[in-house]
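Structure record follows, encoded as structure tokens.
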Amino acid sequence: MGEKQRVLVVGAGPAGMIAAVAAAAAGAAVTVIDKNEKPGLKLRITGKGRCNITNACDTVEELLANIPTNPRFLYSAFSKFLPKDTIAFFEGAGVPLKTERGRRVFPASDSAHDVADALVRVCKKKGVRFLTERVICVIITDGEVRGVQTQSGDILPADAVVIATGGKSYPKTGSTGDGYTLAEQAGHTIVPPTPSLVSLICHEACCADLMGLSLRNTALQVLDSKTGKTVFSDFGELLFTHFGVSGPMALSASAHLRPMEPMRYTLLLDLKPALPPDKLDARILRDFAANQSKTFPNALHALLPKSLVPVIVKRSGIPPALPVAQITGKQRLALGSLLKAFPLTVKGFRPIEEAIVTSGGVCVRELDPKSMQSKLCAGLYFAGEVLDADAYTGGFNLQIAWSTGHLAGVSAGNAPTGHNALSGHNAPTGHRAP
């Protein structure tokens with residue numbers, strides 16, 4: 001081994017590559033191992049290919065306010081690597097950035113490939129080696145990590161191993177939950193993975209009738225029937241699908257629906273957010289006055305998208321054959337109320353494979369928050385989505401990856417040298433060496 005610390009990073013995603021950069025900067029000899037030939041596959045499709053790399057908030061407290069799962073565990077990681085550090089890193093790596101609504105930071109090119117390529121470029125500049133292999137076990141002796149074994153049977157010795165394999169979302173990019181298996185080999189508890197930032201399955205059949213309809217300027221309120229409280233509200237875009245709803249607002253709302261229980265949460269859509277109830281009623285009165293001789297559905301086409309008209313007519317309870325002139329004031333006001341609070345009941349999440357991020361993962365109580373090192377195995381570190389820590393949309397999940405990856409890399413690169421590593425390739429092949 002010589003005097004240089006040898007660090008193996010399992011996973012070439014955002015957390016893994018930033019950990020590799022940090023460990024190499026600390027003077028370690030670093031190898032990144034990933035089963036994909038191209039590093040950063042999932043990162044390259046993040047944000048529909050645009051990659052919201054972080055959120056330009058200023059303080060640790062602002063970051064923690066956007067982390068629903070185990071926020072305090074991340075305090076040290078965020079303190080040592082804030083969004084301003086992420087921004088400085090990528091701008092220093094030749095990626096111009098821009099800040100959009102909600103302080104979301106993107107590459108100026110709107111290309112996630114630029115972000116991933118910059119990470120690879122900096123890694124190689126720091127002397128990091130990339131190896132295309134699948135790690136099947138971590139080798140541990142006397143409570144210390146000794147290296148890893150790959151699927152091809154090779155044993156790679158190490159002083160430190162950083163596991164940054166991601167969660168279980170988007171498995172085609174390599175996020176298949178391998179890190180959970182490796183963590184369990186070391187005795188770690190895995191909090192059952194569940195989807196987050198994912199589309200919602202709704203009870204109402206009308207969603208299928210509205211499939212493909214995108215509402216671009218809609219207000220959303222989510223009510224918890226158990227507590228009677230509003231758990232989320234937003235304004236923006238919603239997309240109807242054959243199973244329920246998707247789009248930015250639905251994905252954001254999903255992170256707040258915890259615990260998920262069928263029929264517990266109700267989505268209330270304000271289809272006319274620019275009009276307060278009195279002005280909406282006045283608008284409906286004008287439309288009815290201009291269509292006195294028509295039936296109820298035919299008086300709504302100026303007010304609503306075409307595909308939404310039959311759904312609203314059915315949900316309103318007003319007979320579709322009723323002439324506009326015969327609609328009562330009570331019926332008209334009820335119609336206005338429906339347009340201001342169109343209800344949909346959530347049955348559940350879409351599968352975890354479709355989620356943007358995974359909630360759940362390696363139990364953080366078993367890790368040292370000041371280093372990301374395992375409390376159960378010296379020299380073993382975890383970073384990124386494999387952890388039981390996830391955030392709302394807006395760049396916060398990637399900031400978790402940058403901050404925890406940086407801390408794990410610094411810690412692994414600065415760990416005591418040489419005492420953990422295997423002496424050669426005659427090492428034991430089990431996950432716990434005798």
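At-a-glance table
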quantity: Charge dipole (region 325-403, unit charges on Cβ, about Cα centre) - positive-most of Gly361, Cys377, Pro343; calculated: Pro343
quantity: Listed residues Thr218, Pro107, Thr141: farthest to the positive end of the dipole of the chain (Cβ charges); calculated: Thr218
quantity: Those residues of region 91-108 whose amide nitrogen sits under 16 Å from the label point placed on Lys48, 7 Å along Cα→Cβ; calculated: 100-102, 104-107
quantity: Top of Gly317, Gly92, Gly394 by mean-square fluctuation, Gaussian network on the chain, Cα under 10 Å; calculated: Gly317
quantity: Exposed-loop-free span, longest in the chain, where GluC sites (Glu not before Pro) count as exposed if DSSP calls them loop and at most 12 other C-beta atoms lie within 10 Å; calculated: 38-434
quantity: Inter-label distance, nm, simple model (7 Å from Cα along the C-beta direction), Lys172/Asn36; calculated: 1.2
quantity: Region 213-245 residues near the modelled Asp287 label - backbone nitrogen below 17 Å, point 7 Å along Cα→Cβ; calculated: 214-219
quantity: Sites Gln221 and Ala25, calculated FRET efficiency, Cβ-Cβ separation with R0 60 Å, nearest 0.05; calculated: 0.80
quantity: In degrees, nearest ten, helix 112-125 long axis to first principal axis of the chain (Cα); calculated: 10
quantity: Residue-averaged [θ]222 nm for the chain, counting only DSSP H segments that reach four residues, each worth -39500 (n - 2.57); calculated: -8000 deg cm²/dmol
quantity: Descending Cα extents along the principal axes, region 176-254, whole Å; calculated: 48, 30, 22
quantity: D_trans [Stokes-Einstein, Kirkwood Rh over alpha-carbon pairs] for region 277-343, 10 °C, 1.306 mPa s, µm² s⁻¹; calculated: 136
quantity: Fewest-first ranking of Ile400, Ile318, using other Cβ atoms within 10 Å as the exposure measure; calculated: Ile318, Ile400
quantity: Length gained when the stretch Glu3-Gln326 is fully extended (0.36 nm per residue, less Cα-Cα span); calculated: 107.3 nm
quantity: Cα-based shape type of region 230-342, given that a ≥ b ≥ c are square roots of the gyration tensor eigenvalues and the cut on a/c is 1.5; calculated: prolate
quantity: Amide H contacts under 5 Å for Ala389, placed H, 5+ residues apart; calculated: Gly360
quantity: Interchain or long-range residues, amide H under 5 Å from Leu97's placed H; calculated: Ala108
quantity: Degrees, to the nearest 10: 277-290 long Cα axis against longest axis of the chain; calculated: 50
quantity: Straight-distance crosslink candidates among lysines, where the alpha carbon sits under 17 Å from Lys98 and sequence neighbours closer than 8 are dropped; calculated: Lys48, Lys84
quantity: Links that overshoot a 29 Å alpha carbon limit, given the list Lys172/Lys340; Lys294/Lys340; Lys4/Lys42; Lys35/Lys126; Lys35/Lys375; Lys226/Lys279; calculated: Lys172/Lys340; Lys4/Lys42; Lys226/Lys279
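FYI, it's all coordinate maths here, none of it is from the lab. Quantities reported herein were computed from a predicted structural model and do not represent experimental measurements. Note that we place each Cβ from the backbone using ideal geometry, even for glycine, and neighbour counts take in every protein chain shown.
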